[in-house]
1. Filter segment 150-172 down to residues that are in contact (Cβ under 8 Å) with a residue 12 or more places away in the chain and loosely packed, with under 15 Cβ neighbours inside 10 Å and give me whichever is nearest to Ala23 (Cα to Cα).
2. Report every pair of residues separated by at least 6 positions or lying on different chains whose Cβ atoms are under 9 Å apart, first residue within segment 44-59 and without any contact (Cβ under 8 Å) to a residue 60 or more places away in the chain and farther than 23 Å from Glu124 by Cα, second β-branched (Val, Ile, Thr) and surrounded by fewer than 17 Cβ atoms within 10 Å (Cβ to Cβ).
3. Pairs please, first residue from segment 211-235 and under 21 Å from Glu137 (Cβ atoms), second anywhere and basic (Lys, Arg), Cβ atoms under 9 Å, 6+ apart in sequence or on different chains.
4. Surrounded by fewer than 17 Cβ atoms within 10 Å (Cβ to Cβ), at pLDDT 95 or above and among the basic types (Lys, Arg) - does that describe any residue in segment 102-118?
Amino acid sequence: MQAPVRIAMWSGPRNISTAMMRAWGNRADTFVVDEPFYAFYLKKTGADHPGAAEVIAAGEADWRKIIAQLTGPIPNRARIFYQKQMTHHLLPKVSRDWLREVTNCFLLRHPAEVIASYIKKNREPMLEDVGFVQQAEIFDLVRQQTGFIPPVIDADDVLRDPERMLRLLCDAIGVAFTGAMLSWPPGRRETDGVWAKYWYAEVECSTAFAPYRERKTEVPESLHEVHDRCREIYEDLYQHRLH
């Protein structure tokens, strides 16, 4: 019997994180959980997100109970527990000790792309809304805890060559790659958060990672300072990416 693997994939918003969750969720040996700290985050911050009251009502808002679930028995007797995590949901009051009990990975996306997508829902995001500062904090902590550089992957690299990048990721965390990760049936999943109806229209129509497309993105002048700070963090993390 192989040892269980708990993967915490840390991403900011407006990334390919839901498609990545689909890839892992299509494995026969894997159970996925969708943004387990979201209800807690919304209740504590009062952030104005679509369906916030519904998310809070449906989710667990006690961070201690959430951590117990993430580090406890894996549902459905699965061997791999894939946890789609948003970096900004891990508020400062939440203990970081549990990070030692999971395999932490980091999914990057260029901040210009993130901001261009985010402002379709929120015209004036703050620095803390886009998750880069928190991603760097978690990365540095995990590196300090383990003495090793945790796996980092970039969204553009995945879209350019999904199989190669997923193979590299699987190898880095010690699980066997399977071709089931490269495509999946369309539609919603029982494991999707109740917020899926607000955010997941594109991924619900998908059957694989979208082909890479070169984009020209323009960040509004009012967000140049946010972008520039995020760009510094992104470039620091990007140098550690699997490639």
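1. My answer is Glu163.
2. The qualifying pairs are Ala57/Val194.
3. Close Cβ pairs (under 9 Å, with a partner that is basic (Lys, Arg)) amount to Tyr234/Arg109.
4. No, segment 102-118 contains no residue that is surrounded by fewer than 17 Cβ atoms within 10 Å (Cβ to Cβ), at pLDDT 95 or above and among the basic types (Lys, Arg).
Yes/no per residue for (1) of a type outside the set (D, E, K, R); (2) open to solvent by less than 70 Å² (accessible area, probe 1.4 Å); (3) more than 19 Å from the chain's Cα centre (by Cα):
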position: Phe177; (1), (2), (3): yes, yes, yes
position: Leu182; (1), (2), (3): yes, yes, no
position: Arg188; (1), (2), (3): no, no, no
position: Ala196; (1), (2), (3): yes, yes, no
position: Glu202; (1), (2), (3): no, no, no
position: Ser222; (1), (2), (3): yes, no, yes
position: Arg231; (1), (2), (3): no, no, no
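The values are calculated or read from the model by the stated rules, or taken from the named source; none is laboratory data. Keep in mind that this is a model prediction, so the values were computed, not measured. For neighbour counting, all protein chains shown are included, and Cβ atoms are generated from backbone atoms with ideal geometry for every residue, glycine included. With ligands, DNA and RNA removed, areas are computed over all heavy atoms of the protein, side chains included. Shrake-Rupley method; radii C 1.70, N 1.55, O 1.52, S 1.80 Å.
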